[in-house]
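The values are calculated or read from the model by the stated rules, or taken from the named source; none is laboratory data. Quick caveat: nothing in here was measured; it's all calculated off a predicted structure. For neighbour counting, all protein chains shown are included, and Cβ atoms are generated from backbone atoms with ideal geometry for every residue, glycine included.
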Amino acid sequence: MKIAVVGTGYVGLVTGTCFAETGNQVTCVDIDSRKVEKLNKGKLTIYEPGLDVIFERNTKEGRLKFTTNLAEGIKEAQVIFLALPTPPGEDGSADLKYILGVANDLGPILENYTVIIDKSTVPVGTAEKVHERIAKNAKVEFDVVSNPEFLREGVAVEDFMKPDRVVIGTKSEKAKRVMEKLYAPLVRQGNPIIFMDERSAEMTKYAANAFLAMKITFMNEIANLCEKTNANVDDIRRGIGTDSRIGKRFLFAGIGYGGSCFPKDVQALEKTASDYDYDFKILKSVMKVNEKQKTKLMPHLKKYFNGDLKGKTIALWGLAFKPHTDDIREAPALYNIKELRKAGAKVVVYDPEAMENVREVVGKKVKYAKNPYEALQGADALMIMTEWPEFRTPDFEKMEGTLKNKVIFDGRNLYELKDMKELGYTYFSIGRETAKA
Ligand SMILES: NC(=O)c1ccc[n+]([C@@H]2O[C@H](COP(=O)([O-])OP(=O)(O)OC[C@H]3O[C@@H](n4cnc5c(N)ncnc54)[C@H](O)[C@@H]3O)[C@@H](O)[C@H]2O)c1
């Protein structure tokens, strides 16, 4: 099939590359000429495990191309994916200017029957709006389908190639047949394609993200209560996660969720609710709790240094909002960097993949270490922000004598309390007692 993908970011690039991998002819379109230039030179613009291999194969074999020119990109395409940003607007609603802007441009340049697919996360009713915009100028028949994406950054290729399910919102039988054909290679193992109407598909994506954000937040509240009651959140996680009604995943307490999706999607769903005159109380609480959770370790840190962080050097391990990605959007690390600097501390950071992205945002306000141990040289304390595997079993012997104080503030509960006690660390984590040296 001939496919165009408009928007070549985390979702668009993975979508385009994976569909090229299943034998389609794909052209990815992006407004950012630097991005397109880099991709055309065979260089990836994001870090995503496993993407490099299929990107190289499909560009070499001529199935995957990149352009900044929309008309050229969509020429002869049977399906057009819209994988465009939907950032929060000032009032918290999803800003549709990118999607509707492209929809305006598409009308006059469609040449044959085309299925236009909303892959972006968009509020209920967006497919109708996209349809209206295109219809204003279109001379050919077309359908607009809602096909929300559920991939997780860090395992995006795997998620895309073997989705738990594919959700497709359309009332058109013709579009349905096209979508079935397109996704058939990805659901061979029997995972379902779930058809529904456009509005339900749009809402499904928000419901999934809001539910997961709520699950994390619930555990964070249990963790906060554990700290007050001297219970251990890790034990509680195991105790409830083994209940098949609850499940083991998304129960890890920590310094809150971040990323480009959960924060904005929870906010946008709450805004949709209020637009429809519905008071979605749980979502309001989720946002409030998560906001506070991100900098939860700061009071402990301040207290440890008797309320004065001026001139102290704090090492940060982890910047990405989660491991296996370079994405720092809404990352708790950024909030902590801000708080630390406000309190007069110096900050040294290390992350295996996200340093360049942080440099673009924070510049010279922090120091960048070449490896985790360099970050500790002369630092007064270590804070852990992201659960990268390499932080899980560090060389504690190598750490001896680098940190000025044997104290760790761990926002991701990476270590066992008894190990930290034995190693002689003062160790603060989330929802567990503080190990005292
Ligand atoms: N990142 C994720 O994990 C994820 C997962 C599921 C769904 N989503 C949703 O998918 C959508 C895209 O997210 P993303 O993370 O890929 O965003 P992104 O910011 O990484 O990528 C968007 C791309 O669109 C390009 N763009 C903007 N305007 C354009 C235009 N007029 N024409 C062509 N290209 C244009 C940008 O230059 C950018 O490269 C969002 O709605 C998001 O909520 C994201």
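Worth a mention:
- Criterion (more than 30 Å from Thr86 (Cβ to Cβ) and at pLDDT 95 or above) met by exactly one of Asp277, Asp234, Asp265: Asp234
- None of Thr272, Thr313, Thr325, Thr295 is surrounded by fewer than 22 Cβ atoms within 10 Å (Cβ to Cβ), among the β-branched types (Val, Ile, Thr) and within 16 Å of the ligand (Cβ to nearest atom) except Thr272.
- Conditions (1) crowded, with 16+ Cβ neighbours inside 10 Å; (2) in contact (Cβ under 8 Å) with a residue 40 or more places away in the chain; (3) closer than 14 Å to Asn209 by Cβ; number of the one not met by Gly254: (3)
- Pairing residues of segment 321-334 that are of a type in the set (Ser, Thr, Tyr) with residues that are in a loop (DSSP other than H, G, I, E, B), at Cβ distances under 6 Å and at least 6 apart in sequence or on separate chains, gives Thr325/Glu153; Thr325/Gly154.
- All conditions but one from (1) touching a residue at least 12 places away in the same chain (Cβ under 8 Å); (2) not in a loop (DSSP other than H, G, I, E, B) apply to Gly101; the one that does not is (1).
- Residue that is nearest to the chain's Cα centre (by Cα), among those in segment 293-308 that are assigned to a helix (DSSP H, G or I) and touching a residue at least 24 places away in the same chain (Cβ under 8 Å): Gln293
- Scanning segment 237-289 for residues that are part of a helix (DSSP H, G or I), more than 28 Å from Thr325 (Cβ to Cβ) and out of contact with any helix residue (DSSP H, G or I) (no Cβ under 9 Å at 6 or more places or on another chain) yields Gly239, Ser274, Asp275, Lys281.
- Within segment 365-386, the set of residues being within 12 Å of Pro352 (Cβ to Cβ) and in a loop (DSSP other than H, G, I, E, B) comprises Ala369, Lys370, Asn371, Thr386.
- Residue match in segment 168-191 (condition: within 19 Å of the chain's Cα centre (by Cα) and of a type in the set (Phe, Trp, Tyr)): no
- Check on Gly318, of a type in the set (Gly, Ala, Ser) and without any contact (Cβ under 8 Å) to a residue 40 or more places away in the chain: no
- Every test in (1) crowded, with 17+ Cβ neighbours inside 10 Å; (2) away from the ligand (no atom under 13 Å from the Cβ) is passed by Asp164 save one, and that test is (1).
- Sub-8 Å Cβ pairs linking a first residue in segment 421-435 that is surrounded by fewer than 21 Cβ atoms within 10 Å (Cβ to Cβ) to a second residue that is assigned to a loop (DSSP other than H, G, I, E, B) and among the polar types (S, T, N, Q), at least 6 apart or interchain, are Thr426/Asn405; Thr426/Thr434; Glu433/Asn230; Glu433/Asn232, ordered by first then second residue.
- Top-ranked residue in segment 107-120 [being touching a strand residue (DSSP E or B) at 6+ places or on another chain (Cβ under 7 Å) and outside any strand (DSSP E or B); ranked as farthest from the ligand (Cβ to nearest atom)]: Tyr113
- Condition met for Thr402 (β-branched (Val, Ile, Thr), more than 26 Å from Gly258 (Cβ to Cβ) and free of Cβ contacts under 8 Å to residues at least 40 places away in the same chain): yes
- Scanning segment 331-347 for residues that are of a type in the set (D, E, K, R) and part of a helix (DSSP H, G or I) yields Lys338, Glu339, Arg341, Lys342.
- The one condition in (1) more than 15 Å from the ligand (Cβ to nearest atom); (2) closer than 19 Å to Thr204 by Cα that Glu141 fails to fulfil: (2)
- Spans of strands (runs of 3 or more DSSP E) in segment 131-236 with at least 3 residues free of Cβ contacts under 8 Å to residues at least 12 places away in the same chain and touching a strand residue (DSSP E or B) at 6+ places or on another chain (Cβ under 6 Å): none
- The helices (runs of 4 or more DSSP H) located wholly in segment 1-98 that include 2 or more residues which are within 16 Å of the ligand (Cβ to nearest atom) and not hydrophobic (A, V, I, L, M, F, W, C) occupy 10-21, 33-40, 70-74.
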